[in-house]
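K.L.:
Take this structure, written in structure tokens, and hold onto it; I'll ask about it next.
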Amino acid sequence: TEVVKDLPEKQYGGTHLVPDDPESPIGVWLDMNPKQAAQYKRMEKAALLEIAGEPDMPVNGILAEMTRLKQIADSVVNLNGSEIVDATGDSNKIDWILEFLEEREDGKIIVASQFTKFIYALSKVLNEKGIGHYLLTGKQNDRERKEAQDGFQKDGGHRVFLLNTKAGGVSLTLDMADDVVVCDKTYNPDDQEQVEDRAHRVSRMHNVTIWNLCSRGTIDEQMAIINAERESSAKAV
């Protein structure tokens with residue numbers, strides 16, 4: 001803000017988690033659909049039983065359980081036992097994205113998730129709807145990465161750019177986008193900020209709005225609180 005005074009600050013769409021608490025995180029708080037909610041509750045119960053049954057469970061085991069819950073908070077998943085085989089398009093967040101794209105008849109949009117399975121599930125739904133888009137998950141080579149970036153940056157290119165939070169968080173200019181949709185947060189707030197800054201760059205002076213999608217009553221709420229606390233601490237330091 002001191003160096004580039006003409007660049008507007010990022011805006012965050014949605015509402016506070018606690019309506020009367022302006023310090024609580026801002027997000028788009030979505031109810032899960034019935035199938036998603038039922039699957040989440042089953043997985044949550046199984047995770048709690050697993051952790052309670054193994055009081056000395058290593059941290060990576062607990063993180064694995066939390067990661068499964070985060071994936072179901074994004075969409076209904078296909079399971080092989082307790083292992084997630086694939087994500088599906090049965091999702092409160094995908095439904096919101098489709099409505100958002102319908103409302104935004106023009107303007108370009110970045111959609112990010114840390115889960116490649118979810119990105120491909122969303123890509124499949126967009127293909128079925130005839131919505132053109134670019135894809136970057138880390139599986140693309142340098143040429144494909146550059147072609148996707150160049151296509152998105154051109155007038156007349158596809159409106160939507162789907163990316164994996166880690167794969168698309170650096171060395172990428174997507175400042176034709178006015179909106180960035182973050183479907184899930186990592187444990188490091190810098191990851192989200194890097195994605196936001198693909199659009200919010202000094203190369204183009206424009207307004208950028210960030211939409212953090214969160215499923216109510218899930219681990220998404222805790223992730224939003226933790227990220228807000230970590231971001232505040234980092235900036236204070």
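The values are calculated or read from the model by the stated rules, or taken from the named source; none is laboratory data. Nothing here was measured: the structure is a model prediction, and the numbers come from that model. Because the Cβ atoms are built from the backbone with ideal geometry, glycine has one as well, and the counts that use them run over all protein chains shown. Surface accessibility is based on the protein's heavy atoms, side chains included, excluding ligands, DNA and RNA. Shrake-Rupley method; radii C 1.70, N 1.55, O 1.52, S 1.80 Å.
K.L.:
Quick one: would you say MET43 is outside any strand (DSSP E or B), without any contact (Cβ under 8 Å) to a residue 40 or more places away in the chain and open to solvent by less than 70 Å² (accessible area, probe 1.4 Å)?
P.N.:
Working: outside any strand (DSSP E or B): yes; without any contact (Cβ under 8 Å) to a residue 40 or more places away in the chain: yes; open to solvent by less than 70 Å² (accessible area, probe 1.4 Å): yes.
Spelling it out, MET43 is indeed outside any strand (DSSP E or B), without any contact (Cβ under 8 Å) to a residue 40 or more places away in the chain and open to solvent by less than 70 Å² (accessible area, probe 1.4 Å).
K.L.:
Continuing with this model, one more query. Out of all the residues in region 52-68, which are within 18 Å of GLN222 (Cα to Cα), surrounded by 10 or more Cβ atoms within 10 Å (Cβ to Cβ) and hydrophobic (A, V, I, L, M, F, W, C)?
P.N.:
Those that are within 18 Å of GLN222 (Cα to Cα), surrounded by 10 or more Cβ atoms within 10 Å (Cβ to Cβ) and hydrophobic (A, V, I, L, M, F, W, C): ILE62, LEU63, ALA64, MET66.
K.L.:
Can I ask one more? Any residue at all in region 192-203 that is in contact with a Gly (Cβ under 6 Å, 6 or more places away or on another chain), closer than 20 Å to SER24 by Cα and either among the charged types (D, E, K, R) or assigned to a helix (DSSP H, G or I) (or both)? So that I can check it myself, show each step before the final result.
P.N.:
Pass one, region 192-203, residues in contact with a Gly (Cβ under 6 Å, 6 or more places away or on another chain): 194-195.
With closer than 20 Å to SER24 by Cα added as a condition, the list becomes none.
No, every residue in region 192-203 fails to be in contact with a Gly (Cβ under 6 Å, 6 or more places away or on another chain), closer than 20 Å to SER24 by Cα and either among the charged types (D, E, K, R) or assigned to a helix (DSSP H, G or I) (or both).
K.L.:
I need the full set of residues from region 214-226 which are closer than 23 Å to ASP178 by Cα and touching a Ser or Thr at 6+ places or on another chain (Cβ under 9 Å), in order please.
P.N.:
So in region 214-226, the residues closer than 23 Å to ASP178 by Cα come out as 214, 224.
Answer for region 214-226, where residues must be closer than 23 Å to ASP178 by Cα and touching a Ser or Thr at 6+ places or on another chain (Cβ under 9 Å): just ALA224.
K.L.:
Among the residues of region 18-40 satisfying the criterion of being open to solvent by 60 Å² or more (accessible area, probe 1.4 Å) and in a helix (DSSP H, G or I), which is farthest from ASN78 (Cα to Cα)?
P.N.:
PRO34
K.L.:
Do we find that LEU79 is surrounded by 12 or more Cβ atoms within 10 Å (Cβ to Cβ), modelled with pLDDT under 95, more than 13 Å from the chain's Cα centre (by Cα) and over 21 Å from ASP197 (Cα atoms) in this structure?
P.N.:
yes
K.L.:
For region 2-17, which residues satisfy the criterion of being under 15 Å from LEU213 (Cα atoms) and either free of Cβ contacts under 8 Å to residues at least 24 places away in the same chain or not in a loop (DSSP other than H, G, I, E, B) (or both)?
P.N.:
Within region 2-17, GLN11, TYR12, GLY13, THR15, HIS16 meet the criteria.
K.L.:
Can you name the residue in region 89-119 that is among the polar types (S, T, N, Q) and outside any helix (DSSP H, G or I) and, of all such residues, is farthest from VAL28 (Cα to Cα)?
P.N.:
Applying the filter and picking the extreme gives GLN114.
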